[in-house]
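Q: Shown below is the structure under consideration.
The values are calculated or read from the model by the stated rules, or taken from the named source; none is laboratory data. Note that the coordinates shown come from a computational prediction; the quantities given were computed from them, not determined experimentally. Cβ: placed from backbone, ideal geometry, glycine included. Neighbour counts: every protein chain shown.
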Amino acid sequence: MNPDMLMMLGGGFITLMILAFALVPSSDTKVLEKRIKRVSGMNEKPEKKSIELPKVELKRSTKDSGIPFFDKVIKTALPNPEKLRNRLARTGMRMTISEYLLLTGLMVGIFFMLFHLLFGQKLMPSVLLSTMLGIWILHVFIGMKGKKRCKNFIKFFPESIDAMVRGIRSGLPISEAINVVGDEMPDPIGFEFRSIRDAVRMGRSLEDAMWDVAKRIDVPEYRYLIIALSIQKETGGNLAETLANVSEVLRKRRQIKLKIKAMSSEAKASAMILGALPFLVATVLGVVASEYVMLLFNDPRGNILLGIAFGMLGFGIWIMSQMINFEI
């Protein structure tokens with residue numbers, strides 16, 4: 001190849017390289033173009049990044065203990081855990097079954113130490129007495145807390161129905177009227193109606209959500225409301241008028257209960273005095289003649305007589321309580 005041809009090819013190559021560098025934009029040019037596109041609204045679409053969202057569990061947790069082994073034991077060993085779960089939820093303390101069993105075992109251990117170590121009782125009587133007292137005391141405490149909360153619920157329940165009636169008459173649907181009651185009424189009414197609102201927002205029907213609350217608030221007045229709403233849903237009619245009639249019935253029912261309570265107060269006082277009289281007499285005799293009273297505790301025949309006396313006393317108190325207990 002002659003020198004002239006080599007010079008021509010070299011000159012052409014250099015020319016192409018100069019054109020390439022001139023046409024390819026530099027970094028400053030790229031930045032400038034991006035700014036121009038961003039100002040003019042012609043920016044490229046951002047790259048889609050695959051973002052993994054955390055999975056949200058909408059299913060209600062049914063665990064009774066944080067330890068899987070204890071949770072399995074509770075669900076298999078207890079005869080009716082759902083009933084105990086509803087009984088604990090009725091108190092409003094958010095106590096789980098595992099916490100309830102732990103407190104029961106703790107109280108049983110305390111009573112066992114009192115009977116066996118402090119008072120010097122034998123092993124088997126100490127175990128039996130401590131088990132009975134530990135289970136009975138916590139059971140009674142949970143029952144009293146649940147009854148007190150149900151009474152507080154009934155106390156303002158007709159007023160909450162009146163609030164629903166006013167909301168419906170002003171044009172609100174029943175779900176919004178329930179929201180008004182949940183926001184304005186005090187607890188436990190406000191808490192339970194807010195739970196109904198949350199359940200409906202999660203996709204449950206209004207009737208199912210209200211029956212879930214009925215498992216915790218085990219009072220007939222609340223069931224009257226659910227039944228009235230169910231009947232009105234099937235038959236139609238004026239919902240505000242139906243709820244107003246339910247509120248009037250509940251008010252009359254409350255008045256009758258207060259009248260019965262006033263009329264039976266004398267009988268209740270007599271039952272309390274008769275039930276406390278044997279313990280008062282035993283206390284006085286223990287102070288005056290302790291040797292005479294201690295025969296009932298030290299002698300086996302005295303233990304038998306004490307058992308018979310406590311059984312007859314408890315049966316008599318139960319009979320008197322049934323005589324002054326009226327179902328409306």
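Q: Which count do you get for residues in the range 69-91 that are at pLDDT below 80 and outside any helix (DSSP H, G or I)?
A: The number of residues fulfilling the criteria is 3.
Q: If you don't mind, another one. With (1) modelled with pLDDT under 80; (2) under 24 Å from the mean Cα position of the chain (by Cα); (3) not in a helix (DSSP H, G or I) as the list, and residue 120 as the residue in question, which single condition is left unmet?
A: (2)
Q: Suppose we filter the range 106-127 for residues that are surrounded by 13 or more Cβ atoms within 10 Å (Cβ to Cβ) and either among the small types (Gly, Ala, Ser) or out of contact with any helix residue (DSSP H, G or I) (no Cβ under 9 Å at 6 or more places or on another chain) (or both); how many remain?
A: 1
Q: Has the range 255-270 got any residue that is part of a helix (DSSP H, G or I), out of contact with any Pro (no Cβ under 6 Å at 6 or more places or on another chain) and more than 30 Å from residue 314 (Cα to Cα)? Break it down into steps so the answer makes sense when it comes.
A: Step one: filter the range 255-270 for residues part of a helix (DSSP H, G or I), giving 255-263, 265-270.
Adding the requirement that they be out of contact with any Pro (no Cβ under 6 Å at 6 or more places or on another chain) leaves 255-263, 265-270.
Those left that are additionally more than 30 Å from residue 314 (Cα to Cα): 255.
Yes, the range 255-270 has at least one match.
Q: Can you confirm whether the range 264-274 contains a residue that is exposed (fewer than 10 other Cβ atoms within 10 Å of the Cβ) and out of contact with any helix residue (DSSP H, G or I) (no Cβ under 9 Å at 6 or more places or on another chain)? Write out each step before concluding.
A: Step one: filter the range 264-274 for residues exposed (fewer than 10 other Cβ atoms within 10 Å of the Cβ), giving none.
Looking through the range 264-274, none of the residues is exposed (fewer than 10 other Cβ atoms within 10 Å of the Cβ) and out of contact with any helix residue (DSSP H, G or I) (no Cβ under 9 Å at 6 or more places or on another chain).
Q: Looking only at residues that are under 22 Å from residue 92 (Cα atoms) and among the small types (Gly, Ala, Ser) in the range 128-144, which one is surrounded by the most Cβ atoms within 10 Å (Cβ to Cβ)?
A: Keep residues of the range 128-144 that are under 22 Å from residue 92 (Cα atoms), which gives 134-144.
Checking the rest, the ones that are also among the small types (Gly, Ala, Ser) come to 134, 143.
Details: 134: 20, 143: 13.
Ranking the candidates gives 134 first.
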